[in-house]
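> Pasting in a structure now, in C-alpha cells, and then I'll have a few things to ask.
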Amino acid sequence: MSDTALPTPLWPALKRHRVWLVSAALLAGLALVDAQQASDSAVFAARALAGTAPFLLLSIAIAAWAAATGADNLIARAFTGRPLVMILLAALAGGLSPFCSCGVIPLVAALLAMGVPLSAVMAFWLASPVMDPSMFVLTSGVLGLDFAIAKTLAALGLGIFGGFVTHLLAATPALADPLREGIGNGGCGGARVRAPKPVQWRFWTDPARLAKFRQEAVKTTLFLAQWLLLAFLLESLMLAWIPAETITALLGGTGLGPIALATVVGVPAYLNGYAALPLVGGLIGQGMAPGAGLAFLVAGGVTSLPAAIAVWALVRPRVFGLYIALSLSGAFLCGLLFQLWASV
C-alpha cells in the first residue's frame, strides 16, 4: 500500500480504540490455542467488572462532577505563599486533584515557566499520578479501604518528601532553569493556573456545564471500562498460568528484597493506574507482600514509561534524574512503611 493511502479515518479510529482491540485480539488468540481458557477469562472479566461496577460508577460521577463544576481549577490556589507552605499544599493538591494524565505535563510546564519554585512543582508532580478521588474509590473496591488509605498517604508523603528534598537542593546550579529550551507556554493545562475560573457547584443550572458533565461521564466510562477489561483478562491469565509459589518466592515475605524488586519492576510493567489495580490484587492473592504491591503501584504510577518519556521531553536531564531518584526511593520507602504497618 502506498503512503498516500495511509491518511484515512481508519488509522485514527484504530488508535483511539486500541485497548479494546487488544482485549479482543487476546480473547481471539486464546480461543485458537485454548478455547476453555478463553471462555474462563471472559467469564472472569465479566464477573470482576460486575463486582467493581458500584465503585466504577461512583468514580465516573466524581470525575464528571469535577470537570463540570470546575473544581479542578482550585489547584491554582496551592501555588501561592511561602515555599514550604506551597510544598505541603501542592502535595495535597496533587494527591486530591482529578487531573487527567495529559493535563499534568502542560500544567507543570506552565507552573515552572511562571516562576513557581521547583520544590512546590515537584511535590505536585510526584503526588498527582498516584492518587485522585476516582482512583481512591476504585482502589477501595478492588484492594480494600486500608490499601486505598495507604496509597493516598503514600501520594501525600511522596509529594512532601520530594518537595522538601528539592527545596534543600534548590540553591545548586544543577536545578537552575529546569525546563528544556523552547518549553514553557503551558498548553491547555496552564490556563488553569494563569486565569483560574470560578467554581460553579450547582453545575446543573448551566446547560453548558451539564453537557460537560455528560461528556466527561461518557469519556471516563469508556476509558475506565477498556482498561479494566484488559486488566481483568490479564489477571485471569496470571492466576491460571503463574504458580502462586513463584509469586511468593519473588515478591512475598517481609524483607527488603520483594519491595525493592517491585519498585524496579513497576517502571516497565505498569500499564495504567486503573488497570494495575486488579493485577496487584491478583498478585497479592497469590502471595505478593502488601508493601511490595504498594511500591509497585507508586513507582509505576510516577515513573511508568509513557510518563517518564513525557518528563524527559519537558525538563533538563539533571531535573529528570532527580525526578526518577525521588520517585523510586519514595516508592520504596512507602512500600516499606506499609509493610511494617501491615505486619503489626
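> Applying 1/(1 + (r/R0)^6) with R0 = 25 Å to the Cβ-Cβ distance of residue 312 and residue 18, what FRET efficiency is obtained, to the nearest 0.05? Intermediate values should be presented prior to the final figure.
On the way: r = 23 Å, r/R0 = 0.92.
So, using R0 = 25 Å, E works out to roughly 0.60.
> Residue 315's amide H: which non-local residues (gap 5+, or another chain) put their own amide H closer than 5 Å, with H modeled 1.01 Å from N in plane and none for Pro or chain starts?
180
> Measure off 7 Å from each Cα along the Cα-to-Cβ vector at residue 242 and residue 174, then give the distance between these two points in nanometres to one decimal.
3.4
> What is the calculated FRET efficiency for residue 145 to residue 39, with r their C-beta to C-beta distance and R₀ = 41 Å, to the nearest 0.05?
So the FRET efficiency works out to roughly 0.80.
> Taking 30 Å as R0, compute the FRET efficiency from the Cβ-Cβ separation of residue 53 and residue 261 and round it to 0.05.
In this case the efficiency is close to 0.35.
> Still on this structure: Please list, in order along the stretch 198-214, the HN-Hα scalar couplings obtained from phi with the Karplus expression 6.51 cos²θ - 1.76 cosθ + 1.60 (θ = phi - 60°), rounded to whole Hz, x for Gly and Pro.
Working through the residues one at a time gives x, 7, 10, 5, 8, 5, 5, 7, 10, x, 5, 6, 5, 5, 4, 4, 5 Hz.
Values in this text are rule-based calculations from the coordinates and carry no lab data. Predicted model only: the values in this text are computed from it and were never measured. Please note: Cβ atoms are built from the backbone with ideal geometry, for glycine as well, and neighbour counts cover all protein chains shown.
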